[in-house]
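Only the coordinates and a few stated rules stand behind these numbers; no lab work does. All values reported here derive from a predicted model rather than from experimental measurement. As a convention, Cβ positions derive from the backbone with ideal geometry for all residues, glycine included, and neighbour counts pool all protein chains shown.
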Amino acid sequence: MRRVALFVALIALLSACREGFFDPTPGGTKEQPSVELIGTNLRMLAGEANAIRISFRPKDPSARLRIERSSNEGRVIACGLRGIDDPLPPAEQCMPDVPDGVRESITAAGLGAIALVREGAPIAIDLRLEYEQGGRAFSIRLPIVGTPPGASVCKDNGCNPFFELLPVRGGAFTATARWETGSGKLELLEGRVRAKAFSSTGIPYRIAATRSGTSPLSVDARMNAPSEYALALTNTGATDLTHIQIDATWP
């Protein structure tokens, strides 16, 4: 009799597991995971015409933004937009200054893009944009990717912008970069690029895809989780790349 009772209890437990017994919100629908878009070595120039603009696909009209600035002088103004081409809203609808290293919330009706406007001398920023996943594609506009000041200073992607989207998933990846005059290189690197793994180990990153030349450049590759990937744009010419737009679709 005890064996029968134990068997019935086991069946009930397995049934509960299938029905979400261990779900922290039993009976509820599972939320899509958060996505984090990371941009590193992004140069900012003063003025609205030089704003960094990012379009993304949030599930709801809110996102969390954190930047790290090379200088605390001047301001970095953040505005929520519906689309990447939208005009900037009135100043009172924007964040008047994004502090260094502090995660701030951005909310706007129909949020689908943000603009970062610099007031002050040129600076470089790293940014993290976190949102509930509505899609895994993004576009970003940058005012400039300058000529590298020197190989020793810029080794291991120390000067050029690169981007990551977390969490990594396996599947097809595509990206295109466009800019005005000059030449560049667009690469998808596999490895711990943000952690400077090449500098610490001496082992080069695997190049999953690469194209060099004049604008536009396109790459595609197959990603394999849980490897880490970074999309990097490097200036390979003697003149600055200006008015850059990068469009990427991650699996």
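Working from label points 7 Å from Cα in the Cα-to-Cβ sense, the residue 169 to residue 197 distance is 2.2 nm. Only lysine pairs 8 or more places apart, or on different chains, with alpha-carbon atoms under 24 angstrom apart are counted in the chain, and they number 4.
Computed from the C-beta positions of residue 227 and residue 71, the FRET efficiency with R₀ = 30 Å rounds to 0.30. Would you mind checking segment 106-126 for residues with the amide N under 19 Å from a putative spin-label position 7 Å along Cα→C-beta of residue 92? Hits in segment 106-126 for residue 92 at 19 Å: 107-109.
Using only Cα atoms, what Kirkwood radius does the chain have, in angstroms?
Across the chain, the inverse of the average 1/r is 19.9 Å.
Our helix-only sum for the chain, with -39,500 (n - 2.57) per DSSP H run of n ≥ 4 divided by its residues, gives a mean residue ellipticity at 222 nm of -3000 deg cm²/dmol. Considering all different alpha carbon pairs of segment 155-238, the Kirkwood hydrodynamic radius works out to 13.3 Å. As a proxy for reagent exposure, 44, 95 were ordered by neighbouring Cβ count within 10 angstrom, fewest first; the result is 95, 44. Note on residue 242 and residue 36: the model spin-label points, each 7 Å out from Cα along the C-beta direction, lie 3.6 nm apart. Report the residues of segment 192-229 in range of a label on residue 133: point 7 Å along Cα→C-beta, backbone N strictly under 19 Å from it. Flagged as within label range: 221-229.
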